[in-house]
């Protein structure tokens, strides 16, 4: 006699704003299919208002997060790696449901964990690598340090975990906060990642994740006057010119990379794209 | 004056958290092994003179075994390992230290005599932070400014002092491992216990055998280590005298050498300094860790116009220092680390009096057992006095005065040492003017004895060469 089959409890995939998991205020969702074309789940379809709420949450979190010591931010990013490692199996399973083979899914999850570790180490080192003491020709002590740009809107690529981690980590490690529009066809892993972020001592609002239509959300974020920078990595090519134009409205810093290889050494580019250089002068003399 | 101190109830930290074994072997190739010639020595609690454990004295054959194990680990495992994986081992070690921080703090206090408040709030957080910091460098070496593919040196022989036993271990081991070297480390003979506990942490982290080897012993063991032909890099923290011996021993070989040696730091106080803040800085500068600090602010240079007032405030503050049981959470000044060090402090203090300086010691009751020296200040000190020239390495402050900034610079630099300096003034431009002229590797302004893994530390002149900490600290362990 066999046991009666236990019915699985499914997860509702919601948004991640200000450390909480609200549904879209619009009450909309869209169907996400697994690799075999079967129904997998409904993802929230975020609205303009959700995007604005996310920007508010990111702005509110900016002062606190950018004011943390680099050491503390490094500890928290490393904690994210620890939490992700603990859910390794869950992420491998999700990537496989989305169509990845076992080896590929495992490699992607492992690389994503290691990427958090890589960026965790940069928290208290970037300043030593890109900052400088400037030998000016006068009796002045003069130094330059990188400081976070502010709120960054990130249009995430379709690489559901490694690509996503690779665009979020470099933004927040330096003290920025962000609003991320997850991959439109593969949004669910982003929300599962939000569960990792929510349990890693990362303050609410540092990372906010929206799922929905990129063509609907990206223009609002690119035009939003309280967003300081935009990462167009996952923006559809036909939208990019208009997004860049919208971003010019308050001179957002725009990152528009092409042909990203998520398995390669990430370099410094994604961090330096979202920092400002501050130079301080002070006289020297008795 | 001591009766003016509030009576505090004792607040001892429990020692039950530590589990000290009766005897310790050597940690070689990931295993505990006995010494080949069966010799041993005792580690003593300097606050009680109680014997804590029997420690193996490593002879030349043991050192050779350790160096061989380190060589094998370097060639087969640690050297070829991707930086990304080395990083994760170091992060593990950092986390294990954080998790066991209370135990390690208590153990450090018992073996060293330093106040638990200090080992708990300064040493251990810095130890963990140091491993965390260098863990992050392991996979980022091409970004450190030493070329696109900097290589490790090989086997590092490291000899550390007793004043910050676990912290000095961290300063040595973390950057060495991050850069891909393997190590043989000799802790000081009076404070081996936390290094031996660290060996257990390496095991818990599943660090490959031979990457870290701990050999215990005194000067002869250290000598065998630095002179071993299989060592590629020697790193030493300790006295200038021994540093010179090591420099001679290494001369003519291809070994790389970094030395972090003694100091006689000037702590310069200008008349516009906020006096209460400056007094706290002076207290911290010289009485922190019983003055067993190579960068201690042991020469107070105070501007003549405020000297009297400052000294009055300083003495009043000194009387509130609590000297005694290092495990008591209210203790400010603990035990001197050894009978030998106590003798050295006493001798130099006597010489100070004999040469004509005026001595004032806090009238505090000292425990009957153990090694103690009351916080002491000498006034009327001349530059020629030995207490103004030699490192006392104890809670003894020598006070000199100056009139002009130029005179302060002249006096501050009038020493063969050059490890650190302090400047106290409200005027930013003067801080920077002074800092430019101080021949010292670390200059603290309106603060003192601050350490951070991200900040390079090391000396000018006879305080040694090489830097520990920060991006610069990598250079000591890379073939550049």
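The values are calculated or read from the model by the stated rules, or taken from the named source; none is laboratory data. Remember, predicted model here, so these are calculated numbers, not experimental data. Because the Cβ atoms are built from the backbone with ideal geometry, glycine has one as well, and the counts that use them run over all protein chains shown.
General remarks:
- Residue match in the stretch A:225-245 (condition: within 18 Å of the chain's Cα centre (by Cα), loosely packed, with under 14 Cβ neighbours inside 10 Å and within 14 Å of chain B (Cβ to nearest Cβ)): no
- Of residues in the stretch B:419-441 being outside any strand (DSSP E or B) and under 16 Å from the mean Cα position of the chain (by Cα), the one farthest from the other protein chains (Cβ to nearest Cβ): B:419
- Residue in the stretch A:159-167 that is at pLDDT 95 or above and farther than 23 Å from residue A:40 by Cα present: yes
- Enumeration of residues in the stretch A:29-41 that are surrounded by 15 or more Cβ atoms within 10 Å (Cβ to Cβ) and without any contact (Cβ under 8 Å) to a residue 40 or more places away in the chain: A:29
- Residue match in the stretch A:42-53 (condition: in contact with a strand residue (DSSP E or B) (Cβ under 9 Å, 6 or more places away or on another chain), modelled with pLDDT of 95 or more, surrounded by fewer than 20 Cβ atoms within 10 Å (Cβ to Cβ) and within 30 Å of residue A:219 (Cβ to Cβ)): yes
- Yes/no for residue A:197 being farther than 30 Å from residue B:431 by Cβ and more than 14 Å from chain B (Cβ to nearest Cβ): yes
- Residues considered: A:266, A:257. Of these, the only one that is within 20 Å of residue A:235 (Cα to Cα), touching a residue at least 24 places away in the same chain (Cβ under 8 Å) and more than 11 Å from every other protein chain (Cβ to nearest Cβ) is A:257.
- Scanning the stretch B:442-461 for residues that are free of Cβ contacts under 8 Å to residues at least 60 places away in the same chain and not in a strand (DSSP E or B) yields a total of 5.
- Scope the stretch A:270-286; condition within 12 Å of another protein chain (Cβ to nearest Cβ) and modelled with pLDDT of 95 or more; matching residues: A:271, A:272, A:280, A:281, A:282, A:283, A:284, A:285
- Residue list for the stretch B:162-174, filter: farther than 22 Å from residue B:69 by Cα and either in contact with a strand residue (DSSP E or B) (Cβ under 6 Å, 6 or more places away or on another chain) or within 14 Å of chain A (Cβ to nearest Cβ) (or both): B:168
- Of the residues screened, residue B:398 is one that is farther than 28 Å from residue B:128 by Cα and in a strand (DSSP E or B).
- Yes/no for residue B:378 being under 25 Å from residue B:234 (Cβ atoms), touching a residue at least 12 places away in the same chain (Cβ under 8 Å) and crowded, with 17+ Cβ neighbours inside 10 Å: no
- Verdict on residue B:54 being modelled with pLDDT of 95 or more, outside any helix (DSSP H, G or I) and at positive phi: no
- Of the helices (runs of 4 or more DSSP H) lying entirely inside the stretch B:71-161, those carrying at least 2 residues that are farther than 19 Å from residue B:213 by Cβ, within 14 Å of chain A (Cβ to nearest Cβ) and within 16 Å of the chain's Cα centre (by Cα) are B:124-137.
- Top-ranked residue of the stretch B:311-347 - restricted to ones that are in contact with a helix residue (DSSP H, G or I) (Cβ under 6 Å, 6 or more places away or on another chain) and assigned to a helix (DSSP H, G or I), ranked as surrounded by the most Cβ atoms within 10 Å (Cβ to Cβ): B:314
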